[in-house]
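Data first, discussion second: the structure below is written as structure tokens.
The values are calculated or read from the model by the stated rules, or taken from the named source; none is laboratory data. It should be emphasised that the depicted structure is a prediction, and the values quoted were computed from it without experimental measurement. Methodologically, a virtual Cβ is constructed for each residue, glycine included, from the backbone with ideal geometry; neighbour enumeration extends over all protein chains shown. To get the accessible areas, we keep the full protein, side chains included, count just its heavy atoms, and leave off ligands, DNA and RNA. Shrake-Rupley method; radii C 1.70, N 1.55, O 1.52, S 1.80 Å.
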Amino acid sequence: QAGASNEAPSREAPSREAPPFSALSPAQFAERMKSDSQVVVVDVRTADECQEGIIPGALLLDFYQEEKMKQAMANWDPSRTYLVYCRSGGRSGQTLDLMKARGFKRVYHLEGGMNAWSRAGSPVIAP
């Protein structure tokens, strides 16, 4: 009995990895960018918002340009890891749901968006 109750935590403990389709803190987001050379970072803010700076290496894909977004997703490899962000986390969370519905396997979004990324002092570059 005691062994059964200890089994689940011991299986989960070694893999402190966030489950797919979840939010990552700025530190987790940055770590995922470093640890996975095949990761795709996607900024779903508007062009005006992107003028304030982007995360290095990010693809720019305006959430409000629905057709362009659908076309881009149709050409993406669903087996790769995608890190999505917006200004505060709302649009990136919705994008995560869209990508899950389209068969993507590993998609995460930045909890608190670019606001949290900037507050954490993480790198930002001009688009």
Descending accessible area (1.4 Å probe), largest on the left, turns Asp48, Asp77, Asp36, Asp97 into Asp48, Asp97, Asp77, Asp36
In order over the range 39-45: 3J(HN,Hα) from phi, Karplus 6.51/-1.76/1.60, θ = phi - 60°, whole Hz, x for each Gly or Pro, gives 5, 10, 9, 10, 9, 9, 7
Ordering Lys105, Lys70, Lys34 by the accessible surface of their heavy atoms, 1.4 Å probe, largest first, yields Lys34, Lys105, Lys70
For Lys70, counting only lysines whose alpha-carbon sits under 20 Å away and dropping same-chain residues fewer than eight positions off, the answer is Lys100, Lys105
Sorted by chain and then number, the residues having a modelled amide H within less than 5 Å of the amide H of Arg80, at least 5 places away or on another chain, are none
With every protein chain kept in place and a 1.4 Å probe, the chain has an accessible area per residue in Å² of 58
When the chain is treated as a Gaussian network with springs between alpha carbons less than 10 Å apart, the largest mean-square fluctuation among Glu66, Glu111, Glu49 is found at Glu66
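Could you give the Stokes-Einstein D for the chain in µm² per second, using the C-alpha Kirkwood radius, 37 °C, 0.692 mPa s? List each step's numbers first, then the result.
Details: Rh = 15.3 Å.
Answer from the Stokes-Einstein relation: 214 µm²/s.
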With all protein chains in place and a 1.4 Å probe, Arg102 shows an accessible area in Å² (nearest 10) of 110
Once both label points are put 7 Å beyond Cα along the C-beta direction, the Asp48-Asn115 separation in nm becomes 1.7
With the 8 Å Cα cutoff and a minimum separation of six or more residues, the chain has a relative contact order in percent of 31
With +1 on the Cβ of every Lys and Arg and -1 on the Cβ of every Asp and Glu, the dipole magnitude of the chain about its Cα centre, in debye rounded to the nearest 20, is 200
With a 1.4 angstrom probe the carbon and sulfur portion of accessible area for the range 31-127, in percent, totals 48
